[in-house]
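Student: Next up is a structure, given as structure tokens.
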Number of protein chains: 2
Amino acid sequence: MENLTTRQQEIFDFIKKEIEFNGYPPTRSEIAKVFGFKSPNAAEDHLKALKKKGVLNIISGASRGISINKEDIGIPVIGLVSAGGPILAQENIEKRIPSSQNILSHGVDFYLRVKGDSMIEAGILENDLIAVNKKAQIKKGSIVIARINDEVTVKTLKSISPELVILQPENSNYSDIEVNPKVEELSFEGTCVGLLRDFA
Amino acid sequence: MENLTTRQQEIFDFIKKEIEFNGYPPTRSEIAKVFGFKSPNAAEDHLKALKKKGVLNIISGASRGISINKEDIGIPVIGLVSAGGPILAQENIEKRIPSSQNILSHGVDFYLRVKGDSMIEAGILENDLIAVNKKAQIKKGSIVIARINDEVTVKTLKSISPELVILQPENSNYSDIEVNPKVEELSFEGTCVGLLRDFA
DNA sequence: TTCAATACTGTATATAATTACAGTTATGGA
DNA sequence: TCCATAACTGTAATTATATACAGTATTGAA
């Protein structure tokens, strides 16, 4: 997918929102009206551009025949996180899971595939997908996605202070991880707000 | 919601399927064509009936202005199962979770809220939602939703033969349940194909 | 500097789509 | 028996919609 221009992204987001809200896509005129275009053809041009860039599909002749390509809907699933870059970098995205907005009570920014068995006593198994909210407040007792020296890990946050953060695995075979944020690089990618398991 | 007639249910299901597949609702003519109506007005009549029964909404004047009422989309979540009736009876439906079709690799007929801790060693905790497929083959080793003498339970199917079915809890504090289908009433409501947990 | 792409205005038209009106047939109550 | 509901056919008109064509202005890359 080529990158969209600011304007194109706006149009695209509007279409997406309309589909979600109304249950059907907008017409050219409706787009034009919302964006203040004096001609429906401005919308037509945008649709053509968006189609060309591969983010949506237009069924010729059909009214409201706009559909958003599946890959562009949905919440990204992060498999292995490559070192260095941001967690949501394109190369980390394993696939996408359709909207699912209302499935969980919190917003989900991405899903993270669980590696290892360090959380089994919290009912989190290997290969489960953890639903992560990036903005939810990081607090004691919640399950957090932390990045320590560029390595991503999922643990319960046992305690947090300026010079000592304790991350607790939920598996009696493992011991707590103690990090001094002033010495080691520590950041929080988000909080676990849900879990998805697929018995494939 | 009043009950739909067979025909109305067919039309409704078709509309739902179209929205999911195409991303936008069908026109009257498209409905008529699929069902073999010679007049688009037959579809119009059906839409009016469906609207009257409250399962969908029609935006007058808008092409493809059909939207399905949120309560009628989605997969039902079953909380407590009342004795006697079928598991999917209206009174058992706690809420509905939007489509999510492609979230799990198997089809999901309903979600069942887990009571108790008998499956914690399989990573299934109390209040988790188990995704259930009604038609998937019941086989040894899979987690099944069984009904024994009208009581619904989730267990691993350890062994199955005409006179002895062994259901195994995944919790060392509990012991296996042995059922003779010839003596006790035993039926399978489905197989567990996934799990959903919401950290509310 | 020339060209393609972006971002529109303005006009026009074929056709897609909604939807009313007038019927027909069958069914199952009241 | 009468009437409402369901499930259609058939016709037709209004309006909603897609979409082509002809422009204009701006920008950034070749």
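The values are calculated or read from the model by the stated rules, or taken from the named source; none is laboratory data. The model shown is predicted, which means the values in this text are computed figures rather than measured ones. Methodologically, a virtual Cβ is constructed for each residue, glycine included, from the backbone with ideal geometry; neighbour enumeration extends over all protein chains shown. Please note that ligands, DNA and RNA were not included when accessible areas were found on the heavy atoms of the full protein model with its side chains. Shrake-Rupley method; radii C 1.70, N 1.55, O 1.52, S 1.80 Å.
Student: Within 13 Å of DNA strand C (Cβ to nearest atom) and either closer than 25 Å to residue A:27 by Cβ or open to solvent by 40 Å² or more (accessible area, probe 1.4 Å) (or both): does that describe residue B:68?
Tutor: On the way: within 13 Å of DNA strand C (Cβ to nearest atom): no; either closer than 25 Å to residue A:27 by Cβ or open to solvent by 40 Å² or more (accessible area, probe 1.4 Å) (or both): yes.
So residue B:68 does not fit the description; no.
Student: Pick from the range B:26-57 the residues that are under 19 Å from residue B:5 (Cα atoms) and β-branched (Val, Ile, Thr): which of them is farthest from DNA strand C (Cβ to nearest atom)?
Tutor: Per the stated criteria, the residue is B:55.
Student: Continuing with this model, one more query. I'm trying to understand the selection: among the residues of the range B:129-144, which are part of a loop (DSSP other than H, G, I, E, B), within 16 Å of the chain's Cα centre (by Cα) and at the interface with chain A (Cβ under 10 Å from one of its Cβ atoms)?
Tutor: Matches in the range B:129-144: B:136 only.
Student: From the list B:113, B:147, exactly one residue is surrounded by 15 or more Cβ atoms within 10 Å (Cβ to Cβ) and within 27 Å of residue A:141 (Cβ to Cβ). Which is it?
Tutor: On the way: B:147 fails: within 27 Å of residue A:141 (Cβ to Cβ).
From the options B:113, B:147, the qualifying one is B:113.
Student: Go through (1) open to solvent by less than 40 Å² (accessible area, probe 1.4 Å); (2) over 30 Å from residue B:18 (Cα atoms) one by one and return the number of the condition residue B:125 breaks.
Tutor: (1)
Student: Can you tell which of A:135, A:155, A:139 is at pLDDT 90 or above and in the same structural domain as residue A:104 (by TED's automatic domain parsing)? First the steps, then the outcome.
Tutor: Values: A:135 fails: at pLDDT 90 or above; A:139 fails: at pLDDT 90 or above.
Every option except A:155 fails the conditions.
Student: Moving on. Please give the number of the condition residue B:16 fails out of (1) more than 11 Å from DNA strand C (Cβ to nearest atom); (2) at positive phi.
Tutor: Checking residue B:16 against (1) more than 11 Å from DNA strand C (Cβ to nearest atom); (2) at positive phi, the one that fails is (2).
Student: Any idea how many residues of the range B:146-200 are within 14 Å of chain A (Cβ to nearest Cβ) and not aromatic (Phe, Trp, Tyr)? Break it down stepwise before answering.
Tutor: At the first step, the residues of the range B:146-200 found to be within 14 Å of chain A (Cβ to nearest Cβ) are B:154, B:156-157, B:170-172, B:190-200.
With not aromatic (Phe, Trp, Tyr) added as a condition, the list becomes B:154, B:156-157, B:170-172, B:190-198, B:200.
Counting residues in the range B:146-200 that are within 14 Å of chain A (Cβ to nearest Cβ) and not aromatic (Phe, Trp, Tyr) gives 16.
Student: Just need a number here: residues in the range B:23-45 that are open to solvent by 40 Å² or more (accessible area, probe 1.4 Å) and within 13 Å of DNA strand D (Cβ to nearest atom). Break it down stepwise before answering.
Tutor: The initial filter retains those residues of the range B:23-45 that are open to solvent by 40 Å² or more (accessible area, probe 1.4 Å), namely B:28-30, B:33-41, B:44-45.
Restricting the remaining residues to those that are within 13 Å of DNA strand D (Cβ to nearest atom) gives B:28-29, B:33-41, B:44-45.
Matching residues across the range B:23-45 total 13.
Student: Out of all the residues in the range B:47-65, which are open to solvent by 40 Å² or more (accessible area, probe 1.4 Å), near DNA strand D (Cβ under 9 Å from one of its atoms) and either in contact with a strand residue (DSSP E or B) (Cβ under 6 Å, 6 or more places away or on another chain) or not in a loop (DSSP other than H, G, I, E, B) (or both)?
Tutor: Correct list: B:48, B:52.
Residues are listed down the side, and each one gets a yes or a no for (1) closer than 27 Å to residue B:58 by Cβ; (2) of a type in the set (A, V, I, L, M, F, W, C):
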residue	(1), (2)
A:9	no, no
A:14	yes, yes
A:18	yes, no
A:29	yes, no
A:33	yes, no
A:36	no, no
A:41	no, no
